[in-house]
1. Take the residues in the stretch 12-40 that are farther than 27 Å from residue 92 by Cβ and surrounded by fewer than 19 Cβ atoms within 10 Å (Cβ to Cβ), then tell me which one is modelled with the lowest pLDDT.
2. Hey, which of the helices (runs of 4 or more DSSP H) in the stretch 43-143, taking only ones fully inside, have at least 2 residues that are at pLDDT 85 or above?
């Protein structure tokens with residue numbers, strides 16, 4: 001099982017971890033990668049590796065990055081994690097409101113296409129083995145469709161910070 005760097009970050013730098021889930025994610029990722037001595041184009045795997053093997057000095061740098069991020073957010077009028085969660089919730093609400101106001105069918109059509117594609121790929125893999133030379137691209141496509149489908153479900157049926165907290169607590173209670 002891969003190292004859950006976002007979960008670990010929630011314990012080390014909760015404000016940065018909260019910011020990852022909203023429109024301020026770019027700033028949070030930049031602060032994290034700078035603190036860990038990585039470039040701006042660092043991948044999730046690189047961040048996970050660096051965080052899993054971080055020295056005490058690197059962890060102090062990460063804590064300082066969070067303090068700097070919190071200070072910058074306070075300058076902008078955001079004083080707590082709750083403010084960041086509110087921003088993320090407002091961002092989702094405004095996207096949904098835009099869809100209602102404009103009667104834009106594009107998100108719905110894309111949702112139907114992604115859903116059909118995802119379950120078609122699952123059925124294909126269930127009933128027919130993937131050709132040897134095509135397995136990797138098929139699995140990449142399936143992973144991308146699965147991720148998109150999860151985001152569509154979260155968009156239409158909601159995904160709350162409370163639900164994320166519940167998941168984190170359940171994960172911590174497992175042996």
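The values are calculated or read from the model by the stated rules, or taken from the named source; none is laboratory data. This is a predicted model, so every value here is computed, not measured. Backbone-built Cβ (ideal geometry, glycine too); neighbour counts: all protein chains shown.
1. Among those residues, the one meeting the criterion is 39.
2. Correct list: 56-75, 106-127.
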